[in-house]
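The values are calculated or read from the model by the stated rules, or taken from the named source; none is laboratory data. These figures come from a predicted structure and were not determined experimentally. So basically every Cβ, Gly included, is an ideal-geometry build from the backbone, and we count neighbours across all protein chains shown. All accessible areas refer to the heavy atoms of the entire protein, side chains included, with ligands and DNA or RNA removed. Shrake-Rupley method; radii C 1.70, N 1.55, O 1.52, S 1.80 Å.
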Amino acid sequence: MALMDFIKKQFIDIIQWTETGDGTLAWRFPMADMEIQNGGSLTVRESQVAVFVNEGKVADVFGPGMYKLTTQTLPVLTYLKNWDKLFESPFKSDVYFFSTRQQVDQKWGTPQPITVRDKDFGAVRIRAFGNYSFRIGDARLFHTEISGTRDVYTAADLDGQLRGLVLQNISNAIASSGVPFLDLAANQIQFATALATQLVPEFAKIGIKLENITVQNLSLPEELQKILDQKIGMGMVGNDMAKFMQYQTAQAIPKFAEGAGGGGGIAGDAMGLGAGVALGQVLAQNLAQGLNTNSNAAAAGPAVAQPVVAVVSAADVMTTLEKLGELKAKGILTQEEFDAKKAELLKKLV
């Protein structure tokens, strides 16, 4: 019976793996009850690595090429099997193939806002997402730390672990970069570089090589986004504070006019009108003074102060006139007061 079993037993003379799809990281060659024939052929294709495991221990690792399995090509396994010379009988050993191709377009993102520390703003809550690519860099380490004895291990099986590493290291990447958060937020390439610097050694601990990572979107809290917009505005005017204040003043006029219209009752209308007219005059004077700054500075000798003519837009004048008309209709202003204010406002139009 034993002789018949020996005759029926199949021996493996060719060991190879042809990938049938994407996403497979590790694949165990199906041994069943078969044994590897002495002098058998091992074929490892480009973008593959083969690992021989004997009794739970990683023996030999093979890169791309074709190998004839002998004691010369299996030095570690020969030592473990105590083969003094050429082994003559077949042997059993687990053979695992690993794909070293890039696994591209792997997604990462923050399902909830995460808190990061910044030296300028303290704690900041952000959302971010992007993609990354990786490959197996150390097949031996990946086998012992991740894939183990599974028949098949895919990129989808590893996805959660790698996403967790990315999210865990976002805060550390910002802190270790030494770059203010607003600068990183305005330059997503710089942010991705800082994140990659932090992630490369973390991925390497499990035999993975990070090839690339991108930050496709970074969402900031509303308050911080306003500060970033102001910083961009400063850059547009060459970081000139006077010009920036003039820009902010011009932006504030229509917003204030809208806000003044929200007052309730006669008292609210009167306060909105008074404050609106006064602020409009002050803001207009600031704008006119800013425009005359360069010409005044260039004038030789003591300059004689000239009255500043406040200039406002037609839309602001019309808004204020409408307010005056409402107050006149309610009996707060007389016809004479209305006509005087109207003439004053019309003089400011250019």
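A few comments on the model shown:
- Spatially proximal aspartates and glutamates relative to K226 (Cα-Cα < 16 Å; intrachain offsets below 8 disregarded): D120, D183
- Accessible area of L346 in the full protein assembly, 1.4 Å probe (Å², nearest 10): 80
- The Cα center of segment 123-191 and the Cα center of segment 12-65 differ in position by 29 Å.
- Accessible-area rank, largest first, for I15, I206: I206, I15, with all protein chains present and a 1.4 angstrom probe.
- Accessible heavy-atom area order of M318, M34, highest first, probe of 1.4 Å: M318, M34
- FRET efficiency, 1/(1 + (r/R0)^6) with R0 25 Å, evaluated for E202 and F121 via beta carbons: 0.45
- Förster radius 41 Å - calculated FRET efficiency between L141 and Q72, Cβ distance, rounded to 0.05: 0.95
- Segment 52-172 - accessible surface per residue (Å², probe 1.4 Å): 53
- Calculated FRET efficiency, E322 to N217, Cβ-Cβ distance, R0 = 41 Å: about 0.45 to the nearest 0.05.
- Our estimate of slack between A186 and E344, defined as 0.36 nm per intervening residue step minus the Cα-Cα distance, is 52.3 nm.
- Dividing the Cα radius of gyration of segment 31-159 by its Kirkwood radius returns 1.20 for Rg/Rh.
- Were the residues from K57 through T193 laid out at 0.36 nm apart, the gain over their Cα-Cα distance would be 45.2 nm.
- Computed from label points 7 Å out along Cα-Cβ, the spacing between T43 and A156 is 2.9 nm.
- With all protein chains modelled, accessible area of S176 [1.4 Å, Å²]: 80
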